[in-house]
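Colleague: Handing you this structure, nothing more for now.
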Amino acid sequence: MQVSIACTEHNLKSRNGDDRHNKQNSSGPNVVNSARARFRTVAIIARSLGTFIPQHHISLKESTAKQTGMKYRNLGKSGLRVSCLGLGTWVTFGGQISDEVAEQLMTIAYEHGVNLFDTAEVYAAGKAEIILGHIIRKKNWRRSSLVITTKLYWGGKAETERGLSRKHIIEGLKASLQRMQLEYVDVVFANRPDNNTPMEEIVRAMSYVINQGMAMYWGTSRWSAMEIMEAYSVARQFNMIPPVCEQAEYHLFQREKVEVQLPELYHKIGVGAMTWSPLACGIISGKYENGIPESTRASLKCYQWLKDKILSEEGRKQRTKLRDLMPIAERLGCTLPQLAVAWCLRNEGVSSVLLGASNPEQLVENLGAIQVLPKMTSHIVSEVDNILGNKPYSKKDYRS
């Protein structure tokens, strides 16, 4: 800072000397006094700035990461930094678990560096949003330290209370914010495509809620690559706001979309991936190895499809592959669920993996995947691919 002050003084003096040389009779003492005044002002500003510049500044992101080991990534090509592991509320909040357990889960996640919490208007008919908002207020967490996301499509029984019409996007998001008692969400997702609503109407409505301060960004969930590209094109055509992220299912047995389609969208238009169900609705956890235990997701009446899948021939083959993966997990010193979550995280195109948990022990175990991530070498990934036998091929692979 002293050097800059000295340079400023030297420049002012040189300039004053030139002025005196060029305007011998018109300069007078006023010019010199003015130059000295300017220098004093610059010096005062420089000194005041110096007192506010931290010498050993550590950002909140870095300090949190050092304390918890959590990794943070940009959501797509936006500037929003999200924890690479997030906590989802599907099935659990307002349904499978009590409010007390929900609070325990959110507390554990937050203390482990998780800043991303995902919900939807349809989860437990809105109750999941109520519980999520209640916990945030009770814990008195700074809103600016959190990334809260919700999804819109199924809002109610009336014809106008579902879909992605301008009416439902605006009214649905207002209702979600009211349930959570929040002023805004960080990302609002279209929970599925809506063939009954023109794409321009959807993009305009999403741009509107962002411009009104009800959301910071918007994204898609379970949209095709073509639909996402159409939304982006419409946004660019009419100078509106394009989506930044797609929520997609991604695990050892579901790979095509996240590994082939979304990377192309990321590089072309900056849309990132937020993935869900890393344990394939619990199949990869091993809990269904010997049937369908009570109190598990597959035992719930509305999840008959999951039970059928587990008991099918495809389910039997998947369990065989999981047994073959166990030696790899043992070699890495982790559990099979930790290996599966770390496997999802090893994909750098994935901004964040949403975890679901029904008890604290399960959540702590899955959060431990962060420690396994550095062990996911290309050799380990290749071993996993050989066992799974389902690696999708992109255009790039075909060219090579």
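Colleague: How long are the semi-axes of the ellipsoid equivalent to region 173-259, from square roots of 5 times the Cα gyration tensor eigenvalues, in whole Å, largest first? All intermediate terms of the calculation are to be shown ahead of the outcome.
Modeller: Working: eigenvalues 102, 65, 23 Å².
Semi-axes from the Cα gyration tensor: 23, 18, 11 Å.
Colleague: Let me ask another. What spacing in nm lies between the two simple spin-label points modelled at N74 and D308, each 7 Å away from Cα in the Cβ direction?
Modeller: Label-label distance for N74 and D308, simple model: 4.4 nm.
Colleague: What is the packing order of peptides 260-267, 234-241, taking the mean over residues of other C-beta atoms within 10 Å and listing the highest first?
Modeller: Ranking the peptides 260-267, 234-241 by packing returns 260-267, 234-241.
Colleague: May I ask which of K71/K287; K127/K321; K77/K309; K268/K317; K151/K309 have a Cα-Cα span longer than 32 Å here?
Modeller: K127/K321; K77/K309; K268/K317
Colleague: Applying a 10 Å radius around every beta-carbon, put 216-227, 79-90 in order of their mean neighbour count, most first.
Modeller: Ranking the peptides 216-227, 79-90 by packing returns 79-90, 216-227.
Colleague: Give me the distance in nm between label points sitting 7 Å out from Cα along the Cα-to-Cβ direction at K139 and E171, one decimal.
Modeller: If labels sit at K139 and E171, their model points lie 3.3 nm apart.
Colleague: 5 Å is the cut-off here: which amide hydrogens, built 1.01 Å from N in the peptide plane, fall below it relative to G155, excluding neighbours closer than 5 in sequence?
Modeller: Excluding prolines and chain starts, which carry no amide H, the hits are R162, G163.
Colleague: Which of the peptides 242-249, 96-103 is most tightly packed, and how do the rest follow, going by the mean number of other Cβ atoms within 10 Å of each residue?
Modeller: Per-residue mean Cβ counts within 10 Å order the peptides as 242-249, 96-103.
Since every read-out is calculated from the coordinates, none of them should be taken as a lab result. Note that the coordinates shown come from a computational prediction; the quantities given were computed from them, not determined experimentally. Every residue, glycine among them, receives a Cβ derived from its backbone with ideal geometry; neighbour counts consider all protein chains shown.
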